[in-house]
Amino acid sequence: MTDFKDRERAEEAKFAHDEDTAFRVTARRNKLLGQWAATRMGLTAEETDSYAKSVVQADFEEAGDEDVIRKLLGDLTSAGVEIDEAGVRAALEEKAVDARRQLMGES
């Protein structure tokens, strides 16, 4: 019976670790994506930090990436940056890879 309990605890710990890692990758990705967009919009360093934080916050509006994509697409278009949804999605995928690499490098 103890083996079963130990195994159950190990599975729960792994699940918690995987969920934490996924959250950290997504948050890092969104920060990098905000920095990318801020650069495209020509924001200052202070504005870039603030904007990157707002992109991270935007991800809490709804499940999935649509809220982030909508925010970035709207903000970039309002700033006069020529980009479409496919361009934003491509940047999102690129920044997800970058975020995962950065977090793996920290481990």
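Has the stretch 67-84 got at least one residue that is under 18 Å from the mean Cα position of the chain (by Cα), exposed (fewer than 15 other Cβ atoms within 10 Å of the Cβ) and not small (Gly, Ala, Ser)? No, there is no match, as no residue in the stretch 67-84 is under 18 Å from the mean Cα position of the chain (by Cα), exposed (fewer than 15 other Cβ atoms within 10 Å of the Cβ) and not small (Gly, Ala, Ser). In summary, VAL97 fulfils each of the numbered conditions (1) modelled with pLDDT of 95 or more; (2) aliphatic (A, V, I, L, M); (3) loosely packed, with under 10 Cβ neighbours inside 10 Å with the single exception of condition (3).
Rundown of residues vs (1) among the acidic types (Asp, Glu); (2) under 23 Å from GLN102 (Cα atoms), yes/no style:
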{"residue": "THR2", "(1), (2)": "no, no"}
{"residue": "ARG29", "(1), (2)": "no, yes"}
{"residue": "MET41", "(1), (2)": "no, no"}
{"residue": "GLU46", "(1), (2)": "yes, yes"}
{"residue": "ASP59", "(1), (2)": "yes, yes"}
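Which one of these is touching a helix residue (DSSP H, G or I) at 6+ places or on another chain (Cβ under 7 Å), surrounded by fewer than 18 Cβ atoms within 10 Å (Cβ to Cβ) and in a helix (DSSP H, G or I): GLN57, GLN102?
GLN102
Cβ-Cβ under 8 Å, sequence separation 6+ or interchain: first residue in the stretch 4-23 and farther than 19 Å from LEU103 by Cβ and among the β-branched types (Val, Ile, Thr), partner at pLDDT 85 or above and assigned to a helix (DSSP H, G or I). Which pairs? Short answer, once both residue conditions are applied: none.
Just to be sure I understand, how many residues within the stretch 1-46 are under 25 Å from GLY105 (Cβ atoms) and surrounded by 10 or more Cβ atoms within 10 Å (Cβ to Cβ)? Steps first, answer last, please.
Keep residues of the stretch 1-46 that are under 25 Å from GLY105 (Cβ atoms), which gives 13-39, 45.
Cutting the leftovers down to surrounded by 10 or more Cβ atoms within 10 Å (Cβ to Cβ) gives us 13-39.
Of the residues in that region, 27 qualify.
You will find that of ALA63, ALA37, the residue that is of a type in the set (Gly, Ala, Ser) and either assigned to a helix (DSSP H, G or I) or touching a residue at least 40 places away in the same chain (Cβ under 8 Å) (or both) is ALA37 and no other.
Cβ-Cβ distances below 7 Å connect the following pairs, each with a first residue in the stretch 91-107 that is more than 17 Å from TRP36 (Cα to Cα), a second residue that is of a type outside the set (A, V, I, L, M, F, W, C) and assigned to a helix (DSSP H, G or I), and a separation of six or more residues or different chains: LEU103/ARG24; LEU103/ARG28.
The values are calculated or read from the model by the stated rules, or taken from the named source; none is laboratory data. The shown structure was predicted, so the numbers you read here are calculated from the model rather than taken from an experiment. Glycine gets a Cβ as well: all are built from the backbone with ideal geometry, and neighbour counts include every protein chain shown.
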